[in-house]
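The values are calculated or read from the model by the stated rules, or taken from the named source; none is laboratory data. These figures come from a predicted structure and were not determined experimentally. Please note: Cβ atoms are built from the backbone with ideal geometry, for glycine as well, and neighbour counts cover all protein chains shown.
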Amino acid sequence: MTVGLSTYAFFWQYHHTNPNPIGLDAMLDRTADLGAELFQICDYPRIEEFDAGALRDLRRHAERRGIALELGTRGVTPVHLGRYLDLAKALGVTLVRSMVDTDTDADDAVPLLRAALPAYERAGVTIALETYEKVATATLVDVVAAVGSPNLGICLDPANCVAALEHPAETIAKTAAWVRNIHVKDFAFTRKDGWVGFTLAGCPLGEGLLDYPALLAAVRPAERGINQVIEHWLPWQGDSATTCELETVWTATNTETLRSWNS
């Protein structure tokens, strides 16, 4: 089990709103400087434009800094997953997080994944489908069970399913046996101005509604070798400099908190 960071921990720093957006090399350096040993390049389509030389340089940079890499994308078509398997091989990646996107019916996902998985099995790479509000957790579990591959599992993120009125504890319980990757982010509800409605947003780890001890007990990541990847739902703070500064603080403190919880 390894504690790592995701591109989502640097979301505002590479976002187009930042006058000087950072690249993957800088994210890797900051990950290493914080003592993390894993970096998940997640929902970062620019990686698809990297040629063989750029991928080789990225892998060497990660190796120099002692960082293992994972990938994250969306979609389950064999062509798309095949492209990410090629990227995984080039980068030395053994886990690709993906999602059953809104353009794919859950029933269609099963044959698509069955077509894609043999190549992943031969390469020793696992696909982890993330829990999120567009696909009911029970349905996602059914898809994984129906495919029946040892190289297919679930990326658990309990916060995502709240938007579908699924309780995080239920999401954890339903997926625990199938989890191959964990996205760790805390979250909380706050009242809107005038007390009309709520906002669900991120908060520093340990200050919100994520029941991490329950997640730890159910999934047992250390025992099962499941990596934990820190993400944020950091709201825009009004300007890029302020938002990026707070993101940097959250990334450092959340890394320290998660590491202490697993020590």
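In this structure, does D211 turn out to be within 20 Å of M1 (Cα to Cα), touching a residue at least 24 places away in the same chain (Cβ under 8 Å) and over 17 Å from the mean Cα position of the chain (by Cα)?
Against the criterion (within 20 Å of M1 (Cα to Cα), touching a residue at least 24 places away in the same chain (Cβ under 8 Å) and over 17 Å from the mean Cα position of the chain (by Cα)), D211 qualifies.
Would segment 185-204 turn up any residue that is buried (at least 18 other Cβ atoms within 10 Å of the Cβ) and aliphatic (A, V, I, L, M)?
Within segment 185-204, not a single residue is buried (at least 18 other Cβ atoms within 10 Å of the Cβ) and aliphatic (A, V, I, L, M).
Output the residues belonging to segment 187-229 that are among the hydrophobic types (A, V, I, L, M, F, W, C), part of a loop (DSSP other than H, G, I, E, B) and more than 19 Å from R97 (Cβ to Cβ).
V196, L205, L209
Within segment 79-116, work out how many residues are part of a helix (DSSP H, G or I), surrounded by fewer than 22 Cβ atoms within 10 Å (Cβ to Cβ) and touching a residue at least 24 places away in the same chain (Cβ under 8 Å). Please lay out each step first, then the result.
Pass one, segment 79-116, residues part of a helix (DSSP H, G or I): 79-91, 106-116.
After this cut, where a residue has to be surrounded by fewer than 22 Cβ atoms within 10 Å (Cβ to Cβ) as well, the list is 79-80, 82-83, 85-87, 89-91, 106-108, 110-112, 114-115.
Adding the requirement that they be touching a residue at least 24 places away in the same chain (Cβ under 8 Å) leaves 82-83, 85, 87, 89-91, 106, 110, 112, 114-115.
The qualifying residues number 12.
Go through segment 27-73 and give me each residue that's in a loop (DSSP other than H, G, I, E, B) and of a type outside the set (D, E, K, R).
Hits for segment 27-73 are L34, G35, A36, Y44, F50, G66, I67, T73.
Going by the structure shown, is E166 part of a helix (DSSP H, G or I) and touching a residue at least 12 places away in the same chain (Cβ under 8 Å)?
Details: part of a helix (DSSP H, G or I): no; touching a residue at least 12 places away in the same chain (Cβ under 8 Å): yes.
Judged against the criteria, E166 is not a match.
Scan segment 217-231 residue by residue and report those that are within 15 Å of A177 (Cβ to Cβ) and either under 17 Å from the mean Cα position of the chain (by Cα) or hydroxyl-bearing (S, T, Y) (or both). Give the steps one after another, and end with the answer.
Step one: filter segment 217-231 for residues within 15 Å of A177 (Cβ to Cβ), giving 217-221, 223-226.
If the condition is that a residue be within 15 Å of A177 (Cβ to Cβ) and either under 17 Å from the mean Cα position of the chain (by Cα) or hydroxyl-bearing (S, T, Y) (or both), then V219, P221, G225, I226 are the ones that fit.
Here is a list: D157, D101, D105. Which entry is acidic (D, E), closer than 20 Å to L71 by Cα and modelled with pLDDT under 95?
Checking each option against the conditions leaves just D101.
Is it true that some residue in segment 219-233 is of a type in the set (A, V, I, L, M, F, W, C), touching a residue at least 60 places away in the same chain (Cβ under 8 Å) and more than 30 Å from D142 (Cα to Cα)?
No.
Looking only at segment 225-248, count how many residues are under 21 Å from A128 (Cα atoms) and in contact with a strand residue (DSSP E or B) (Cβ under 8 Å, 6 or more places away or on another chain).
Counting residues in segment 225-248 that are under 21 Å from A128 (Cα atoms) and in contact with a strand residue (DSSP E or B) (Cβ under 8 Å, 6 or more places away or on another chain) gives 8.
Taking the conditions exactly as written (more than 23 Å from D186 (Cα to Cα), of a type in the set (S, T, N, Q) and assigned to a helix (DSSP H, G or I)), does T139 satisfy them or not?
Yes; evaluated as a whole, the condition is true for this residue.
Can you confirm whether segment 3-12 contains a residue that is in contact with a helix residue (DSSP H, G or I) (Cβ under 9 Å, 6 or more places away or on another chain), in a loop (DSSP other than H, G, I, E, B) and crowded, with 19+ Cβ neighbours inside 10 Å?
No: segment 3-12 contains no residue that is in contact with a helix residue (DSSP H, G or I) (Cβ under 9 Å, 6 or more places away or on another chain), in a loop (DSSP other than H, G, I, E, B) and crowded, with 19+ Cβ neighbours inside 10 Å.
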